[in-house]
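Here's the structure, in structure tokens; my notes come after.
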Amino acid sequence: MAAVLLSSCGTGPVAADAAPLDAEGWRATDTVRLTFDVEHPDHRHDLQLGLRHNDQYPFSNLYLFVQLTYPNGKTLTDTLACPLAGPDGRWYGKGSQWIDHRIGYKKGVGFPLAGRYTLNVVHAMRQDPLVGISDLRFAMFDRTAE
């Protein structure tokens, strides 16, 4: 899915992308590729991942390996722990049939270069394929514009 660039109005994202996942399940070998452009490397940004799952998703959390590739080819890899439900089993996200989660990835990050960045995301869960997740999303918010 092509990147959707949005104008910097209020608190909306300045960049976003999304990728649907296989309805049969997200395999650990299936890399989700999300892209975004940085136009103002002098600005600070908040990065957010989003996902949507149904009641087939069997866990209260999700672990992701996220590789950020810079325009010059350098990479940075993070392991992201995503709590999706509280100790009482209630989902943190919103919705009933499909639960929508917004997960903070990085806050106040500066990008050293203008250009196209890529996030390659794979799940790091023991169950493979991972069922019940319909899509993975990315959004970038400009903190400097606030």
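Would you mind getting me the FRET efficiency between THR77 and GLU24? Use the beta-carbon distance for r and R0 = 25 Å, nearest 0.05.
With R0 = 25 Å, the Cβ-Cβ based efficiency is 0.40.
Hey, what do the phi angles of the range 58-72 turn into as Karplus ³J(HN,Hα) couplings, whole Hz, using 6.51/-1.76/1.60 and θ = phi - 60°, x for Gly and Pro?
Values, residue by residue: x, 10, 9, 8, 8, 10, 10, 9, 10, 10, 9, 10, 7, x, 8 Hz.
Using θ = phi - 60° and the Karplus relation 6.51 cos²θ - 1.76 cosθ + 1.60, list the HN-Hα couplings for the range 95-101 in order, rounded to whole Hz, with x at every Gly or Pro.
Each residue's phi maps through the Karplus curve to give x, 10, 6, 10, 9, 9, 10 Hz.
Got the relative contact order for the chain handy, in percent, Cα pairs under 8 Å and 6 or more residues apart?
Relative contact order of the chain: 44 percent.
Per residue Cα convex hull volume for the chain, in cubic angstrom?
117
Whole-Hz ³J(HN,Hα) for each residue in the range 17-25, computed from phi via Karplus 6.51 cos²θ - 1.76 cosθ + 1.60 with θ = phi - 60°, x for glycine and proline: what do you get?
8, 8, 9, x, 10, 4, 5, 7, x
Would you kindly state how much longer the chain becomes between TYR70 and ARG126 on full extension, computed as 0.36 nm times their sequence separation minus their alpha carbon distance, in nm to one decimal?
Difference between extended and current length: 17.2 nm.
Compute the signed sum of charges (Lys and Arg +1, Asp and Glu -1) over the other residues within less than 12 Å, Cβ to Cβ, of LEU119.
Spelling it out: positives minus negatives among the neighbours equals +2.
Read-outs: derived from the displayed coordinates by stated rules, not from any lab. Quick caveat: nothing in here was measured; it's all calculated off a predicted structure. We place every Cβ from the backbone using ideal geometry, glycine too, and count neighbours over all the protein chains shown.
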